[in-house]
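Some notes on the structure that comes next.
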Amino acid sequence: MSLTLIGQKKGMTQIFDREGKSVVCTVILAEPNTVLQVKRKETHGYNSVQLAGLPFPEGKEGRLAKPQRAEFAKHQVAPCRVVRESRVDVEDLEKYQVGQKIDLSHFAEVGYVDVEGVSKGKGFQGVIKLHNMAGGPAAHGSGFHRHMGSTGMRSTPGRCFPGGKRASRMGGDRKTVQNLRVVAVKGNLLLVEGAVPGARSGTLFIRASVKKGG
């Protein structure tokens, strides 16, 4: 189990490797996260480290609720927009102290990461776009070019079973893309190969790859 850092998607770019091949990358801004709380099994029932990231702009701290402001003030940490908790092994708890800064050097020796975010919301969509259905014939007069066709049953059971594919809301879901190769770490910028969920300026959570062991 490893820490999950809080970052922000800045956009996409391409760089060229040593062989001259183009590598499409996502640029993630991950300013140093602050340790807000260290939880231990004896007091909280489990071992974890709570990180705060994406600090508020100057003068905008008032957007936080009073109990949240009090929590930051209690631990003498600057108010941040996002708080994320990571389960850690008990032997790793001693590495972290309240107020400590965790930056991208945490991924200096990591080859692959998993990135979690909220996918772009696309509103209410039909079954053609949402479920990739084929639709009906596009000839004149067919009348159901982009419909899903019949969903009715015979007299037994005489109804449509729940849970079937229908037109509904698309996107806006929490997604995790696994095994993204770390291309470069430059200051507070992390470049990973490929795409990550969400739009520009969206909040991302980055951790060492679970399947590839970082």
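State whether the residues of region 185-204 include one that is touching an Asp or Glu at 6+ places or on another chain (Cβ under 6 Å), surrounded by 15 or more Cβ atoms within 10 Å (Cβ to Cβ) and closer than 30 Å to PHE107 by Cα.
No, because not a single residue in region 185-204 is touching an Asp or Glu at 6+ places or on another chain (Cβ under 6 Å), surrounded by 15 or more Cβ atoms within 10 Å (Cβ to Cβ) and closer than 30 Å to PHE107 by Cα.
Is it true that some residue in region 21-37 is in contact (Cβ under 8 Å) with a residue 24 or more places away in the chain, assigned by TED's automatic domain parsing to the domain that holds SER201, farther than 24 Å from VAL182 by Cβ and in contact with a strand residue (DSSP E or B) (Cβ under 6 Å, 6 or more places away or on another chain)?
yes
Kindly indicate the residue of region 88-102 that is of a type in the set (D, E, K, R) and modelled with pLDDT under 90 and also nearest to VAL177 (Cα to Cα) among those meeting that condition.
Looking at residues that are of a type in the set (D, E, K, R) and modelled with pLDDT under 90, I get ASP89.
Suppose the filter is surrounded by 13 or more Cβ atoms within 10 Å (Cβ to Cβ) and part of a loop (DSSP other than H, G, I, E, B); does MET153 pass it?
Working: surrounded by 13 or more Cβ atoms within 10 Å (Cβ to Cβ): no; part of a loop (DSSP other than H, G, I, E, B): yes.
It is false that MET153 is surrounded by 13 or more Cβ atoms within 10 Å (Cβ to Cβ) and part of a loop (DSSP other than H, G, I, E, B).
Check GLU19 against each of (1) in a loop (DSSP other than H, G, I, E, B); (2) farther than 26 Å from ALA184 by Cβ and name the one condition it does not meet.
(2)
Could you list, ordered by first residue, the pairs with Cβ atoms under 6 Å in which the first is in region 57-80 and under 21 Å from LYS39 (Cβ atoms) and the second is charged (D, E, K, R), at least 6 apart or interchain?
Within 6 Å, the pairs are PRO79/GLU61.
Among the numbered criteria (1) surrounded by 14 or more Cβ atoms within 10 Å (Cβ to Cβ); (2) assigned to a strand (DSSP E or B); (3) touching a Lys or Arg at 6+ places or on another chain (Cβ under 7 Å), which one does GLY11 miss?
With (1) surrounded by 14 or more Cβ atoms within 10 Å (Cβ to Cβ); (2) assigned to a strand (DSSP E or B); (3) touching a Lys or Arg at 6+ places or on another chain (Cβ under 7 Å) applied to GLY11, the lone miss is (1).
The values are calculated or read from the model by the stated rules, or taken from the named source; none is laboratory data. This one's a predicted model, so the numbers in the text were calculated from it and none came from an experiment. Cβ coordinates were reconstructed from backbone atoms using ideal geometry, including for glycine residues, and neighbour counts include every protein chain displayed.
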